[in-house]
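Worksheet: one structure, shown below.
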Amino acid sequence: MAKKERKPDFQKVVKNKKLPILTLDTRWYELFNDDQKTVEINDLEQKVNNLLKKQGKLVNDIKDIKKLKNSLMKDIMVNMDIGTDLLGKAKEKKLDKNKQYINEINVKITEWMDELADIPYQIKEVNEALMVESIDNCYSRLEDNKDEIKKISDWIAGVREELKNKILIKQDLETKNTLIYTYMHDILGAEIMELFDNENDVK
């Protein structure tokens, strides 16, 4: 049995390469049906998709909270004119509350922005791991297919040789039959051979 070549280090191959996000690439799905995905591939696919969802959610959450902040800022601007009466005190209370909300929003925006900034690196890392698993899987399938192709090619070559021999045998038998028939025809004559043909369905 031929010694198989050592498998390449796929991790080195993909490291720091500009890769497409596999779960967003239709070509990647063409490489696998559900039966061909290993547990590792399914797991990493799920992780990439979860990170993409998280990224999308954070972008929307930041957008929404910035809208809320702008609304609070406008409200502060409208209520800047504070009097000493009851209405003024109510405005002041509302103003303080809005300022507190804005401070809390600023903290939240900073947290979310930091989280959002880190996600592309997480996606890159998990996507690279998914690429390594995918290449490894495809490499194994290619090797298995090559082995199967070799077996089938050998089988075809064997069958082709056998077919060639069978054709030669068939041709030889047909030649012998023609000779037998010719000699019998010459010896027995056409009339008897016709009866023989009808009886034995020779021709």
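The values are calculated or read from the model by the stated rules, or taken from the named source; none is laboratory data. Every value quoted in this text rests on a predicted model; they were computed, and no experiment measured them. All Cβ positions, glycine included, derive from the backbone under ideal geometry; neighbour counts span all protein chains shown.
Residues that are of a type in the set (D, E, K, R) and more than 30 Å from Leu72 (Cα to Cα) occur at least once in the stretch 104-124. Quick check on the stretch 127-137. Is at least one of its residues modelled with pLDDT under 95, of a type outside the set (A, V, I, L, M) and exposed (fewer than 14 other Cβ atoms within 10 Å of the Cβ)? Within the stretch 127-137 (the criterion being modelled with pLDDT under 95, of a type outside the set (A, V, I, L, M) and exposed (fewer than 14 other Cβ atoms within 10 Å of the Cβ)), the answer is no, since none of the residues qualifies.
Within the stretch 164-179, identify whether any single residue is of a type in the set (S, T, N, Q), under 21 Å from Glu40 (Cα atoms) and either within 18 Å of the chain's Cα centre (by Cα) or not assigned by TED's automatic domain parsing to the domain that holds Thr38 (or both), and answer yes or no. Looking for residues that are of a type in the set (S, T, N, Q), under 21 Å from Glu40 (Cα atoms) and either within 18 Å of the chain's Cα centre (by Cα) or not assigned by TED's automatic domain parsing to the domain that holds Thr38 (or both), one finds none in the stretch 164-179, hence no. Taking the condition at pLDDT below 95 and either outside the structural domain of Tyr29 (by TED's automatic domain parsing) or not aliphatic (A, V, I, L, M) (or both), does Thr182 pass? The answer is yes for Thr182. If only residues of the stretch 36-64 that are among the hydrophobic types (A, V, I, L, M, F, W, C) and surrounded by 15 or more Cβ atoms within 10 Å (Cβ to Cβ) are counted, the one that is nearest to Cys138 (Cα to Cα) is Ile41.
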